[in-house]
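Comments concern the structure below.
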Amino acid sequence: MKIEIKKWTNDEVLFSLDIENNSIKLTVEAAVKAGVSLSYANLYSANLVRANLDSANLYSANLDSANLNGAKYGDFTIKKLPIQISNIGYYVLIFETHMKIGCELHTHDEWKNFTNREIAEMDGKKALAFWKQYKSLLVGFCKTMEEKKIKKKESNNE
């Protein structure tokens, strides 16, 4: 069965896979493995449970209602849909324990503790200006994701 991954902006086909017993998960994993950028991919309601998304470029991808539970991304497992922020200079994904700004993926604590010099070394003055402007907002979103994780654990223990 042939499955196509299209851009949500103009229906351009980013990647297609035609194999027996195909699924959106297999198609996305094949695209990632092939190094295809999934920027602007329409993954609305995609079932990506336990998919390997390591190194996936999901810039401005439509992940609304997607099931990412157990998917691998970097060195961690996604447990819930990340907060996505765009149009502020860098694309930002905030997960329960990690945040990705542009191509930089680090834990929440690492982001909170980076010095101005370390931020500047990531992408020069642009990165430092961005971080000074948005740090408190982004760290606040990280805290919100962490609090939701703690509340979920507490409700599971009751």
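Considering only segment 14-46, state which residues are part of a loop (DSSP other than H, G, I, E, B) and among the β-branched types (V, I, T).
I19, V36, listed by residue number.
Take the residues in segment 4-31 that are touching a Phe, Trp or Tyr at 6+ places or on another chain (Cβ under 9 Å) and of a type in the set (V, I, T), then tell me which one is surrounded by the fewest Cβ atoms within 10 Å (Cβ to Cβ).
T9
Mind telling me which of the residues I24, I19 ends up being under 18 Å from the mean Cα position of the chain (by Cα) and at pLDDT 95 or above?
Just a single option satisfies the conditions, and that option is I24.
Filter segment 62-114 down to residues that are charged (D, E, K, R) and closer than 16 Å to L38 by Cα and give me whichever is surrounded by the most Cβ atoms within 10 Å (Cβ to Cβ).
Filtering first and then ranking leaves K100.
Please go through segment 121-158 and pick out each residue that is hydroxyl-bearing (S, T, Y), surrounded by fewer than 15 Cβ atoms within 10 Å (Cβ to Cβ) and either at pLDDT 85 or above or within 15 Å of F95 (Cα to Cα) (or both).
S136, T144
The values are calculated or read from the model by the stated rules, or taken from the named source; none is laboratory data. This is a predicted model, so every value here is computed, not measured. Positions of Cβ are backbone-derived with ideal geometry, glycine not excepted, and every protein chain shown enters the neighbour counts.
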